[in-house]
1. Would you pick out the residues in the stretch B:256-276 that are within 25 Å of B:PRO41 (Cβ to Cβ) and more than 14 Å from chain A (Cβ to nearest Cβ)?
2. Go through the stretch A:219-257 and give me each residue that's part of a helix (DSSP H, G or I) and among the small types (Gly, Ala, Ser).
3. If I filter the stretch A:357-367 down to residues being under 22 Å from the mean Cα position of the chain (by Cα) and assigned to a helix (DSSP H, G or I), which single residue comes out as surrounded by the fewest Cβ atoms within 10 Å (Cβ to Cβ)?
4. Which members of the stretch B:238-276 meet the condition of being in contact with a helix residue (DSSP H, G or I) (Cβ under 9 Å, 6 or more places away or on another chain) and hydrophobic (A, V, I, L, M, F, W, C)?
5. Considering only residues that are within 13 Å of chain A (Cβ to nearest Cβ) and hydrophobic (A, V, I, L, M, F, W, C), which ones fall in the stretch B:11-44?
6. Within the stretch B:145-168, restricting attention to residues that are touching a helix residue (DSSP H, G or I) at 6+ places or on another chain (Cβ under 8 Å) and part of a helix (DSSP H, G or I), which residue is surrounded by the most Cβ atoms within 10 Å (Cβ to Cβ)?
7. Filter the stretch B:38-69 down to residues that are within 22 Å of B:ALA81 (Cα to Cα) and small (Gly, Ala, Ser), then give me how many there are.
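The values are calculated or read from the model by the stated rules, or taken from the named source; none is laboratory data. No experiment lies behind these values; they were computed from the predicted model shown. With ideal geometry, Cβ positions are generated from the backbone for all residues, glycine too; neighbour counts draw on all protein chains shown.
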Amino acid sequence: MTVRDVQHFFGHNTQKDLSLISSDASVFHGELGFEALGSASDICFVRRKQCFNNEYVIVTEKMLAGMGLKESGLTINLAGLQLANPTVLASGILGYSTETLERLVKGGAGAVVTKSIGLKPRKGYANPTVVQASCGLINAMGLPNPGIDEYVEEFRQARDILNVPLIMSVYGYSAEEYATIAKKAAAAGADAVELNVSCPHVKDTGSEIGQCPEALAEVVRKVRASVSKPVFVKLSPNITSIADIAEVAVKAGADGLTIMNTVKAMAIDVETAMPILGNRVGGLSGPAIKPIALRCVYDVFERVKVPIMGCGGIVDWRDAVEFLLVGASAVQIGTAISLKGPNVFRGVTLGIKRYLEIKHFEKVEEIVGLSHRS
Amino acid sequence: MSAYHIAANRLRATTILTVKAESPTVKTFTFKDAQCAKAQPGQFLMLWIPGVDEIPLSILDANEDGLVSVAVKRVGEATQALHEAKAGHFLGVRGPFGNSFAMVKGRVLMVAGGTGTAPLLFLAKRLVPRMARGVFVLGAKTKSELLFMNQLQQILGKSQIPLITSTEDGSCGVTGLCTELVEQVLAKEKFNIIYACGPEKMIRKVFELAEENRTNLEASLERLMRCAIGLCGSCTIGKYRVCADGPVFTSKQFREVKTEFGNSKRDPTGRRIPLD
């Protein structure tokens, strides 16, 4: 494997680091448990600087094979992003701090999406912001975030430390705002942006844009024109035809889609006859919405050619495989962290790998959309 | 699909049974809740004041008969509304959440500051009858804010465990901060463990004293909390979520979060701000 292959495989971020690697790279006893390094010629994986006390972690092809990572065929290309496995942290979950993102990456996330970031700081709604329903959660956080200018400081730090694609979720109140934030995100090192045009509980943004084809197309076009990184669009199920709106997003330039955001919902307390959420209405997530999300991915896959990240109620590997079968190239996980903890990503990945082995598939992409053949 | 455990912790409606004024700014509220009644010392619950807010509170007491109590200091809109509520008022409860204090039975030093006394009173109730020896250090700004003095004297008295107090204005006990008392106690005596709860700056100081004396510390932290189930990221300190990985942390964990511990927290926007 050549240096160029490595760059091709892991994207532009490795370029700077690679020039610094000498052939006599020292032995590294990291938490991955590698004992020795090969020569620089068979390098195929490079962690970024500052990962562990300013040392480089170099993984040779042999080691990757030993870990079962390369041979497992779990790596995927998502609109140009290279993921070591198809599990992704969904937006809105634990996405503020570098340390928590790092923990989720250690828990096995193949990529992470940050909380949705706006132009200005936003406090979000008063509690209760999360209510537990029968088979999931209803939340109305209200897009709390420190604002892009403050957040890029934190994000740059994450960029330096984390070796997975970092996708910044952005929201705005106009196409210009989306574009401005996306530009700043890309400048801070975001590998891609995910446009939140589907938050069901904040006025004048989110699903109010994602439900209007003209507004959506304008947002996607403006963002597409202002950044060179892949643009993902996260769509809302709270619409008549998600496939129609997906087509609008793709025609306007979306490189990939996240299907789907939460389902608009509410909870009522019978003693006081009051809506429980501070904002009265919120979005339902968790196992309750998985069948809806599966159907949405199925419909969208029939209509568009761009990669889809499936999202909605994924708790275990079986859920994830179902999403892959209906057409998702990757899956986003959020609510399940409250049940299974930050290592849920690793568990799901191992389950997918086992499924591929048992069913005699070599690569995860072979099962993407398999349910459409009949 | 695996059973979705979080669904077993839905919001329950309950009514306030008793309200008791503990100090000019603190009241305790008792209500019935079967799930929280099983709580261990150190755990917390989320209390919904309908139409106002939902706030995290340390559990002050939990009984087999299903009664649960919390101590609430009047600090903002939600606690003000709660202070105005009388017996019979409806509340919503979620919990118990988080971990609890490890019950070390050797020589125990307990350090409580302000409303941080609540979880330590709960701990003392359960632990004092079983522990070998100990000291309880209680601190507050002024005499009237020294919480649960009578109950503590009763519990500790039975096992001849000294209760020593400090107030910043000198109106009761030693004048100054309770950490000064902790320093003196640690200079004289060795402990197997220190339990602490109070303002984070106080806990940080206790942590440093514990490190100097090579004594293990377990302390309960407080942060802005929203989801309480480890998802929203409002309450993080370093790589930990106070709601799901805490609220009780050990010396080993405090060493890992030294930059933030006692120095900064996150505001409602997620921005890092200095601790007051």
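1. Selection gives B:GLY262, B:LEU275.
2. A:ALA225, A:SER226, A:ALA243, A:ALA246, A:ALA249
3. A:GLU366
4. B:ALA244, B:VAL248, B:PHE249, B:PHE254, B:VAL257, B:PHE261, B:LEU275
5. B:LEU11, B:ALA13, B:ILE16, B:PHE31
6. B:LEU152
7. The qualifying residues number 3.
To keep it simple, each residue is scored yes or no on (1) within 14 Å of chain B (Cβ to nearest Cβ); (2) among the charged types (D, E, K, R); (3) within 27 Å of B:GLY51 (Cα to Cα).
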| position | (1), (2), (3) |
| --- | --- |
| A:SER174 | no, no, no |
| A:ALA179 | no, no, no |
| A:CYS212 | no, no, no |
| A:SER228 | no, no, no |
| A:VAL233 | no, no, no |
| A:ASP244 | no, yes, no |
| A:LEU257 | no, no, no |
| A:ALA273 | yes, no, yes |
| A:GLY282 | yes, no, yes |
